[in-house]
Amino acid sequence: MIAISRVLCPTDFSDLSRTALDHAVALARWYEAEITLLYVAPVAITAAEASYVPAPWLSPEAREKLRGDLLAFAEPVRDADVRIRIEVVEGNPATGSGSN
């Protein structure tokens, strides 16, 4: 049998992300796995800066607000008897590049 210990669930706070979280919970419950609920805050760079790695632009307050939003997003499944870890990173959600 396959062993799954972690389930990544990226979100954009949409209804589709809510459905994805519900599926992640079912999978995590089945395998007794931990869910990482991830939000990637986009950073804007110009074409001329494409190879430049921008400095973090989220203020500590904005980062905490996003963490609070993620906690609220996860609240409906908090009693699902699964571990949920909250992560906020900055980068490009489409390419997967980012930093926390």
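Please determine whether any residue of the stretch 19-30 is at pLDDT 85 or above, β-branched (Val, Ile, Thr) and out of contact with any strand residue (DSSP E or B) (no Cβ under 9 Å at 6 or more places or on another chain). Yes.
The set of residues in the stretch 63-85 that are surrounded by 14 or more Cβ atoms within 10 Å (Cβ to Cβ) and modelled with pLDDT under 90 contains only 80. None of 16, 8 is in a helix (DSSP H, G or I), modelled with pLDDT of 95 or more, surrounded by fewer than 13 Cβ atoms within 10 Å (Cβ to Cβ) and not charged (D, E, K, R) except 16.
The values are calculated or read from the model by the stated rules, or taken from the named source; none is laboratory data. On a predicted model such as this, the values are computed, not experimentally measured, just so you know. Ideal geometry is used to build each Cβ from the backbone, glycine not excepted, and the neighbour counts take in all protein chains shown.
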